[in-house]
1. Among Met136, Gly119, Ile148, which residue has its Cα furthest toward the positive end of the charge dipole of the stretch 89-167, with +1 on Lys/Arg Cβ and -1 on Asp/Glu Cβ?
2. Given labels modelled 7 Å from the Cα in the Cβ direction, how far is it in nm from Phe134 to Asp164?
3. Compute the separation of the alpha-carbon centres of the stretch 113-162 and the stretch 86-107 and state it in Å as a whole number.
4. Using label points projected 7 Å from each Cα along Cα→Cβ, tell me how many nm separate Glu152 and Ser73, to one decimal.
Amino acid sequence: MPNTKTIVINTSPLISLVAALGDLALLESLYHQSLPPLKCVKKFNVVVPMGLRLRNLNKQHFLKKWEEPISISHFYIKLLDRGEAAVIQLALNEGIQTVCIDEVPGRRVARLSNLSLTGSIGILIRAKREGYSFSMPEAIERMKKKGIRLSERVIRVALEQTKDMEN
């Protein structure tokens with residue numbers, strides 16, 4: 001996973017990180033700027049599942065909400081959810097190399113678009129590697145309890161890559 005200062009981020013990783021850790025402080029520590037497209041910000045503010053709430057999302061200074069509508073390629077609209085399509089299009093439009101998407105179709109299309117990828121679990125792994133103190137097994141369990149679906153493969157990789165870093 002690339003080490004970048006700015007990423008374009010989809011709604012589901014924002015929700016997953018809040019489920020895992022309770023807030024987005026870790027995201028703020030790892031990235032100078034996280035750009036969610038307007039479509040994602042609206043979705044997060046309206047349809048936050050599982051009782052998760054992030055106070056003052058609009059006041060998070062490191063989340064630079066992209067307020068302008070994005071003209072999205074018909075190719076992306078036909079293949080993806082509008083949020084994922086907006087993330088990829090915004091990254092391409094602004095020359096941002098890394099996107100944060102959790103869903104498999106979005107990840108595939110991002111790769112085909114020559115973008116670097118991370119996801120909510122990738123962000124947690126990076127944080128552990130950089131010395132942040134939290135329990136990966138507990139973060140994963142909190143995500144699962146809040147309804148975040150993770151494949152057994154993703155869980156196994158996350159636990160294997162961070163097992164020597166647990167307190």
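1. It is Ile148.
2. 2.3
3. That distance is 19 Å.
4. About 3.7 nm, to one decimal.
Here, each number is a calculation from the coordinates, and none is a lab measurement. Please read these numbers as outputs of a predicted model, since none were measured by experiment. Methodologically, a virtual Cβ is constructed for each residue, glycine included, from the backbone with ideal geometry; neighbour enumeration extends over all protein chains shown.
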